[in-house]
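Before any comments, here is the structure.
The values are calculated or read from the model by the stated rules, or taken from the named source; none is laboratory data. As the structure is a computational prediction, the values presented were derived from the model and not from experiment. Every residue, glycine among them, receives a Cβ derived from its backbone with ideal geometry; neighbour counts consider all protein chains shown. Just so you know, the surface numbers come from the protein's heavy atoms only, side chains and all, with ligands and any DNA or RNA stripped out. Shrake-Rupley method; radii C 1.70, N 1.55, O 1.52, S 1.80 Å.
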Amino acid sequence: SLKPASEVMLSAEAIERFRANYRDRFGAVTKEDPLYEAVSAGAAYAGMQALPMAMLPDVISHDEDTHGRSAAGVMGGVWTGGETSGMALGAVVLTGLLAAGGYISSQADTTVTQPDSAITAMIIGFSVLPAALALISVALILRYPLDRSDIDLATGRLVVRHGKFDKT
């Protein structure tokens, strides 16, 4: 029988290591930091979802500081397009995986016994593949070159350039 699983298992030690590394990388943590709070509470997947979205505004600010003009619309559009394409591709890949595994569809009032190959396809599609993709995303996030000092420096220069800083 299938048992519930999580892409990332968080032990108390893993949570504390995340918290220490996060503070080292990004500085003091405020009460309004949903990523830090989610992972601290043990919600690893929520943290993984929030991290890239928390990084996007920093990348936009750093890019504007580096190139002298804002490309926020382009970056937001590319982000949204990539996210939407990823969700659509995920459904296509899962459908193909289930078909290759011999999954048998049924109506609501019909009971079907799935072959072992379909069960294996489900296990791969709902645990192994997401875990592998999560590991790939972690590898990419670890290559993120900006740290708190880069972000603060870019933000400071943008404040000087624009004469204000609006967090909204």
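Between 0 and 90 degrees, the angle of helix 148-162 with respect to the longest Cα principal axis of the chain falls at about 60 degrees. With protein chains left intact and a 1.4 Å probe, residues in the stretch 88-168 average 73 Å² of accessible area per residue.
For the chain, the 222 nm mean residue ellipticity estimated from helices alone, with every DSSP H stretch of n ≥ 4 adding -39500 (n - 2.57) and the total spread over all residues, rounds to -22000 deg cm²/dmol. Against the longest alpha carbon principal axis of the chain, how many degrees, from 0 to 90 and to the nearest 10, is the axis of helix 129-142 turned? Taking the Cα atoms of the chain, the angle to 129-142 is about 10 degrees. Label separation (TRP79 vs ARG23): 2.7 nm, computed from points 7 Å beyond Cα along the C-beta direction. If the Kirkwood radius is taken over C-alpha pairs of the chain, then at 37 °C and 0.692 mPa s the Stokes-Einstein diffusion coefficient equals 171 µm²/s. Helix 44-67 and the longest principal axis of the Cα set of the chain meet at an angle near 40°. Within the stretch 23-85, the GluC sites (Glu not before Pro) that combine a DSSP coil assignment with at most 13 other C-beta atoms in a 10 angstrom radius are GLU32. Here the Gaussian network model covers the chain, with springs between Cα atoms less than 10 Å apart; of ILE136, ILE60, ILE151, ILE136 fluctuates the most.
Note on ALA12 and SER105: the model spin-label points, each 7 Å out from Cα along the C-beta direction, lie 4.9 nm apart.
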